[in-house]
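**Student:** Before I ask anything, here is the structure I am working with.
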Amino acid sequence: MTTRTTPATPAATATPPSTLPAGARTAQDPWSRRRRRGPHLQRTRGDLPFEIWNYVGFTIFALVCGYPFYYLIINSVSANDVSALGDVRLWPVGFHLSNYTQVLGLGGLASATLVSVARTVIGTVTTVLASAFLGFMFTQERMWKRALWYRLVIFTMYFNAGLIPVYVTMKSLGLTNSFWVYILPAIVQPFNIILVKTYVESLPQSLQEAAELDGAGAIRIFFSIIFPNITPILATVAIFTAVAQWNSFQDTLLYVTDQKLYPLQYVLYTYINQASSLAAAAQNAQSNLGALASAATSQTPTSIRLTVAVIVVLPILFVYPIFQRFFVKGIMLGAVKG
Amino acid sequence: MGLLQRSRVLVRGETRRVSVSAFLLVAPFLVLVLLFSYLPLIGWVTALYDYKPALGLGRSEFVGLQWFEMLVSSRTQLEQIGQVMANTFAMSFLGIATSLLPVVFAIFLNEVRANWFRNMVQTLTTLPNFISWVLVYMIAFSLFSTSGLVNTTLHDWGLITIPVKFLDSDQHVWLTMLAWSLWKGLGWGAILYLAAIAGIDPTLYESARIDGANRFQLMRHITFPELMPTYIVLLLLSIANLLNNGLEQYYVFQNAFNKEHIQVLDLYVYNVGITGNSISLGTALSMLKSVISVALLVTANAIAKRARGTSII
């Protein structure tokens, strides 16, 4: 572990700069104010073409990044016979929302949604609590062999026994085809522990000392003194953990064959690749609807895939812009640690 | 702190300065770490057996180094390993070769003055980093499959008559994988550098400007060099991760057509060990990979120490 942990934490994080890089253009930013005062000083002949190309370039790249999401959404609400042909490009054609009601009625999907939500909620709560507690405990210098245990935990960040040995271990622990394989291995996250530990160390020592003099034990100090004071860093940990849990695919691939335990990500993957299971699902949706289905609203493999994809991505689309600053803060704290 | 502890010990009449109870509180978590991170190390002995899951390790045959010898024994096996390593290094080095792009992205985005535009670009370009590879594949599938957007558009414009098989193709696999990695990671990779730019000492710019530097000279001679320390650290880390391409991206994009060029080491281990059900060979491969990765990390760290005086881990 390096000791380059000087900047950041409370001062910087307790009052998070609004959307960091962009928002941080206050005191430190070399351009903003100066530019407004005397643009003529910087204007050179190459300036205007550069400005134009810069804006054009970033516009194109932003569109390349953003359009696919828009494409998925407009196709999922368009007439299914048109979207199946790939003819919906700029706006919805034959707008309807029945895909969502129909697809959520498909057998496997309700349970997959439940699994995804459950692993995200339980996984996030356990990981955040464990990171907070361990991050705090590892600042307790009196702990027996503290440095050894801390290194033992951190070392796992850089080293693992490998895919197959871990697989065999999970199997022998009886965790394959168990919901807990999504939760238990993810509880202790060395990186999060470092973040919390650094944060706790930067809190004023007097907080803890006062409580200790009053005779409070470690658990008491953690819950009544530490926990309320580290919520900014826990928010960052929580948001990263939640996204990771929601997006997780590899653990299902490796350890789970029981369809009841498939999360949405895995179901989406099987829907993309297995035309047969999809056709059956479409058939199923059809018979549920009976005579009501028309060409525009009856399910096709494409419409099912698109709808599931949107269900999978929608939480991210909602959550990400709102919590962007937490994400940015997370990567910056991580960078400080190296 | 020391003084305080001693006084506390006196107050409460404790005899030991070392707290075992604090250890007991973290012990359950240490058990988890042992189970999931260190217990698998014992599983390495599986590489020395002809492991049959039905028999268990005890009754499986001990074969010594047979699996390791097998990796280099036959010509076909050598060729396969060679191809896997070529893919692994190709993807890693393409990643390293493009690792300056986030720096350039950040420097140029920093030149954009309209705040709303910067924020919009940042939000849209970092978004792909937060979706799973399955969803990336879904997007690739919607856009590039034979009935996807690109093919139908090209067809409508009369540029092609038969659909192009973008996904089911062995052509340019390394480059398409690089393109998807960049699509997903470029904007997010730039965030760190944007933050670093905001932290550059403004007096550097002022004095350079007094010396008559124009905007491009400031970018070239102040911003760029100021970002280099961050860049070097990330570069060294990517060298340490040379063998760790990850599994998910290559797994979801893998198909019968592109298998030869997409199979990186992580995917190969999965295909051999899980799909091929050859646990012992998979363990042998996992083991080699872990050992070499640690060696790479130690090397990268030593370079960092020598060059910068600080370690990267």
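**Student:** In peptide A:308-316, how many Cβ atoms from other protein chains are near each Cβ within 10 Å, on average?
**Tutor:** Mean shielding by partner chains, rounded to a whole number: 3.
**Student:** Which FRET efficiency value, to the nearest 0.05, do you get for A:Glu209 and B:Leu30 by plugging their Cβ-Cβ distance into 1/(1 + (r/R0)^6) with R0 = 25 Å?
**Tutor:** Approximately 0.40, to the nearest 0.05.
**Student:** Just checking the output field for B:292-300: average partner chain Cβ neighbours within 10 Å of each residue's Cβ?
**Tutor:** That average works out to 1.
**Student:** Using only the alpha-carbon atoms, what does the protein assembly as shown span along each of its principal axes? Please give whole angstrom values in decreasing order.
**Tutor:** Principal-axis extents of the Cα atoms in the protein assembly as shown, largest first: 84, 82, 56 Å.
**Student:** Just grab the label-to-label distance for A:Phe191 and A:Ile52, each label 7 Å out from Cα along the Cβ direction, in nm (one decimal).
**Tutor:** 4.2 nm
**Student:** A drop of at least 50 square angstrom in accessible area, chain alone versus all protein chains together, probe 1.4 Å. Which residues of the stretch B:19-50 meet that?
**Tutor:** Residues of the stretch B:19-50 that lose at least 50 Å² of accessible area once the other chains are added: B:Phe23, B:Leu25, B:Val26, B:Phe29, B:Leu30, B:Leu32, B:Val33, B:Phe36, B:Tyr38, B:Pro40.
**Student:** Could you report the accessible area of B:Ser19 in Å², rounded to 10, computed with a 1.4 Å probe on the protein chains as they sit in the structure?
**Tutor:** Looks like 20 Å² after rounding.
**Student:** Working out 0.36 nm times the residue gap between B:Ile210 and B:Ser147, then minus their Cα-Cα distance, what length gain in nm do you get to one decimal?
**Tutor:** In short, 16.8 nm is gained.
**Student:** Right, next: Just to verify a number: FRET efficiency for B:Glu226 and B:Ala256, C-beta to C-beta distance, R0 = 41 Å, to 0.05?
**Tutor:** Values: r = 49 Å, r/R0 = 1.18.
Taking R0 as 41 Å, the efficiency between B:Glu226 and B:Ala256 is 0.25.
**Student:** Then there's this: Given the Cα-Cα distance of B:Ile303 and B:Leu78 and 0.36 nm per residue of separation, how much length would full extension add, in nm?
**Tutor:** On the way: separation 225, 0.36 × 225 = 81.00 nm, distance 3.16 nm.
In short, 77.8 nm is gained.
**Student:** Which loop-located chymotrypsin sites (Phe, Trp or Tyr not before Pro) does the stretch B:54-87 contain, where loop means any DSSP state but H, G, I, E or B and the Cβ has at most 11 other Cβ atoms within 10 Å?
**Tutor:** For chymotrypsin sites (Phe, Trp or Tyr not before Pro) across the stretch B:54-87 that sit outside H, G, I, E and B with at most 11 neighbouring Cβ atoms in 10 Å, the list is empty.
**Student:** Rounded to the nearest 0.05, what FRET efficiency is calculated for B:Glu61 and B:Ile162 with R0 set to 51 Å and r the Cβ-Cβ distance?
**Tutor:** 0.45
**Student:** Further, regarding this structure: Tabulate in residue order the Karplus-calculated ³J(HN,Hα) for the stretch B:215-226, using 6.51 cos²θ - 1.76 cosθ + 1.60 with θ = phi - 60°, rounded to whole Hz; enter x for Gly and Pro.
**Tutor:** 4, 6, 5, 5, 4, 6, 9, 10, 4, 4, x, 5
**Student:** For the stretch B:63-194, what does the alpha-carbon gyration tensor say about shape, rounded, prolate or oblate, given a ≥ b ≥ c as the root eigenvalues, a/c under 1.5 as rounded, and a/b over b/c as prolate?
**Tutor:** oblate
**Student:** Determine the calculated [θ] at 222 nm for chain B from helices alone, applying -39500 (n - 2.57) to every DSSP H run no shorter than 4 residues and normalising by the residue count; nearest 500 deg cm²/dmol.
**Tutor:** Computed mean residue ellipticity for chain B: -20500 deg cm²/dmol.
**Student:** Let me ask something additional. Which of the trypsin sites (Lys or Arg not before Pro) found in the stretch B:10-102 are loop residues per DSSP with 16 or fewer other Cβ atoms within 10 Å of their Cβ?
**Tutor:** Passing both the DSSP loop test and the Cβ count: B:Arg16, B:Arg17.
**Student:** Right, here's the next one. How would chain B be classified by its alpha-carbon gyration tensor: rounded, prolate or oblate, with rounded meaning a/c under 1.5 and the a/b versus b/c comparison settling the rest?
**Tutor:** oblate
**Student:** When the accessible area of the protein assembly as shown is computed with all protein chains present and a 1.4 Å probe, what percentage of it is carbon and sulfur?
**Tutor:** Percent of accessible area from carbon and sulfur atoms in the protein assembly as shown: 66.
**Student:** Moving on. Taking amide H positions as placed 1.01 Å from N in the peptide plane, with prolines and chain starts having none, which residues 5 or more places from A:Met143, or on another chain, fall under 5 Å of its amide H?
**Tutor:** Correct list: B:Ser19.
**Student:** At 1.4 Å probe radius, can you tell me the per residue accessible area of chain B in Å²? If you can, show how the numbers build up before the last one.
**Tutor:** Details: 14580 Å² over 313 residues.
Per-residue accessible area for chain B comes out at 47 Å².
**Student:** Same structure again: At a Cα cut-off below 29 Å, give the lysines reachable from B:Lys289, other chains included and same-chain residues fewer than 8 away excluded.
**Tutor:** Partners within reach: A:Lys171, A:Lys337, B:Lys52, B:Lys184, B:Lys259, B:Lys305.
**Student:** Can you bin the stretch B:206-312 into rounded, prolate or oblate? Criterion: square roots of the alpha carbon gyration tensor eigenvalues sorted a ≥ b ≥ c, rounded for a/c under 1.5, prolate for a/b above b/c, oblate for the rest.
**Tutor:** Here the stretch B:206-312 falls in the oblate category.
**Student:** Hey, what do the phi angles of the stretch B:193-202 turn into as Karplus ³J(HN,Hα) couplings, whole Hz, using 6.51/-1.76/1.60 and θ = phi - 60°, x for Gly and Pro?
**Tutor:** Calculated HN-Hα couplings, in order: 6, 4, 5, 5, 4, 4, x, 5, 4, x Hz.
**Student:** What's the buried accessible area, both sides, between A and B using a 1.4 Å probe, rounded to 100 Å²?
**Tutor:** Values: alone 19800 and 19660 Å², together 29320 Å².
Chains A and B together bury roughly 10100 Å² of accessible area.
**Student:** What does the accessible area of B:His172 come to, in Å² to the nearest 10, when a probe of 1.4 Å is used?
**Tutor:** About 120 Å², rounded to the nearest 10.
**Student:** Peptide B:108-116: average number of partner chain Cβ atoms within 10 Å per residue?
**Tutor:** Counting Cβ atoms of other protein chains within 10 Å of each residue's Cβ and averaging gives 5.
The values are calculated or read from the model by the stated rules, or taken from the named source; none is laboratory data. Here the structure is a predicted model, which means the values were calculated and not measured. Backbone-built Cβ (ideal geometry, glycine too); neighbour counts: all protein chains shown. Calculation scope for accessible area: heavy atoms of the full protein, side chains included, ligands and nucleic acids excluded. Shrake-Rupley method; radii C 1.70, N 1.55, O 1.52, S 1.80 Å.
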